[in-house]
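I have placed the structure first, in the form of structure tokens, so that the comments after it can refer back to it.
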Amino acid sequence: MIFLDVFKNCLEDIRQDYCNFHFYCERDFVWTVQKYIQKYMDHDRLPYKVFNDFPIESGEKRSKSVDIAVIANNCNDKDILIGKAQAEFVIEFKFEPSKMRKDEICVHKLPVVEWSGVLIDIDRIHRFVENKKAKCGVAILIDEFGRHKTSHHILKSSTWIDWGNCNSEQLNVSVLYTEVE
């Protein structure tokens, strides 16, 4: 699937320059990935659109949206909601800032991510693909200091990927990656 490759390329670009991004919250990461996907699509002149907070299931507004969706140019959100079309690719994100970034992050807010939320995102991606709302999807957790990597068992459909510390004592980035086709 082309967008799995595009997304993996985006992640690699972000990984290589991670320390220069200074992500503060999930939305920062979502916005960056959306911009990178758009850049790849523009470069390759792919006939698709990329949206954030895209409605993919009928129901309550935010709970039925996906963080990022890539859809064909000739498609709209109503087409997907009524089952006339599928999103090409969807992504759900979770972002846990490093507890060591005390000068940038209010540590009293940590942890940001509950493990149950990670499991819900993974289930949602599976459901979106199984219910033909999307052709494929990814659920991803960016864990900047291993809070979840060390405290939860690995899921059989997921993989932890170590991004390292970016030469910083404040980071030890791990990514929980779940891909569904």
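The values are calculated or read from the model by the stated rules, or taken from the named source; none is laboratory data. Note that the structure is a prediction, hence the values are computed from the model and not measured. Neighbour counts run over all protein chains shown; Cβ positions are idealised from the backbone, glycine included. Just the protein is used for accessible areas: all its heavy atoms, side chains included, with ligands, DNA and RNA removed. Shrake-Rupley method; radii C 1.70, N 1.55, O 1.52, S 1.80 Å.
Among the residues of the stretch 125-152, write down those that are farther than 26 Å from Asp79 by Cα, open to solvent by 20 Å² or more (accessible area, probe 1.4 Å) and either modelled with pLDDT of 90 or more or of a type outside the set (Ser, Thr, Tyr) (or both).
Across the stretch 125-152, the qualifying residues are Phe145, Arg147, Lys149, His152.
Restricting to the stretch 1-54, count the residues that are basic (Lys, Arg) and in a strand (DSSP E or B).
Residues in the stretch 1-54 being basic (Lys, Arg) and in a strand (DSSP E or B): 1 in total.
If you check every pair at least six apart or on different chains, which have Cβ atoms under 6 Å apart with a residue in the stretch 156-171 that is aliphatic (A, V, I, L, M) first and a residue that is assigned to a strand (DSSP E or B) and open to solvent by less than 40 Å² (accessible area, probe 1.4 Å) second?
Ile161/Val175; Ile161/Tyr177
To keep it simple, each residue is scored yes or no on (1) of a type outside the set (A, V, I, L, M, F, W, C); (2) touching a strand residue (DSSP E or B) at 6+ places or on another chain (Cβ under 8 Å).
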site: Gln38; (1), (2): yes, yes
site: His43; (1), (2): yes, no
site: Leu46; (1), (2): no, no
site: Phe51; (1), (2): no, yes
site: Pro55; (1), (2): yes, yes
site: Ala72; (1), (2): no, yes
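If you take the residues of the stretch 153-170 that are at pLDDT below 95 and open to solvent by less than 60 Å² (accessible area, probe 1.4 Å), which of them is farthest from Ile91 (Cα to Cα)?
Going through the qualifying residues, I end up with Ser168.
Output the residues belonging to the stretch 171-181 that are hydroxyl-bearing (Ser, Thr, Tyr), open to solvent by less than 20 Å² (accessible area, probe 1.4 Å) and under 20 Å from Ile68 (Cβ atoms).
Applying the first criterion (hydroxyl-bearing (Ser, Thr, Tyr)) to the stretch 171-181 yields 174, 177-178.
Next cut, open to solvent by less than 20 Å² (accessible area, probe 1.4 Å) only: 174, 178.
Answer for the stretch 171-181, where residues must be hydroxyl-bearing (Ser, Thr, Tyr), open to solvent by less than 20 Å² (accessible area, probe 1.4 Å) and under 20 Å from Ile68 (Cβ atoms): just Thr178.
Please determine whether any residue of the stretch 106-119 is farther than 20 Å from Ser157 by Cβ, open to solvent by less than 30 Å² (accessible area, probe 1.4 Å) and either in contact with a helix residue (DSSP H, G or I) (Cβ under 8 Å, 6 or more places away or on another chain) or of a type outside the set (Asp, Glu) (or both).
yes
Which is open to solvent by 80 Å² or more (accessible area, probe 1.4 Å) and under 30 Å from Asp162 (Cα atoms), of Asn20, Asn74, Asn52?
Just one listed residue meets the conditions, Asn20.
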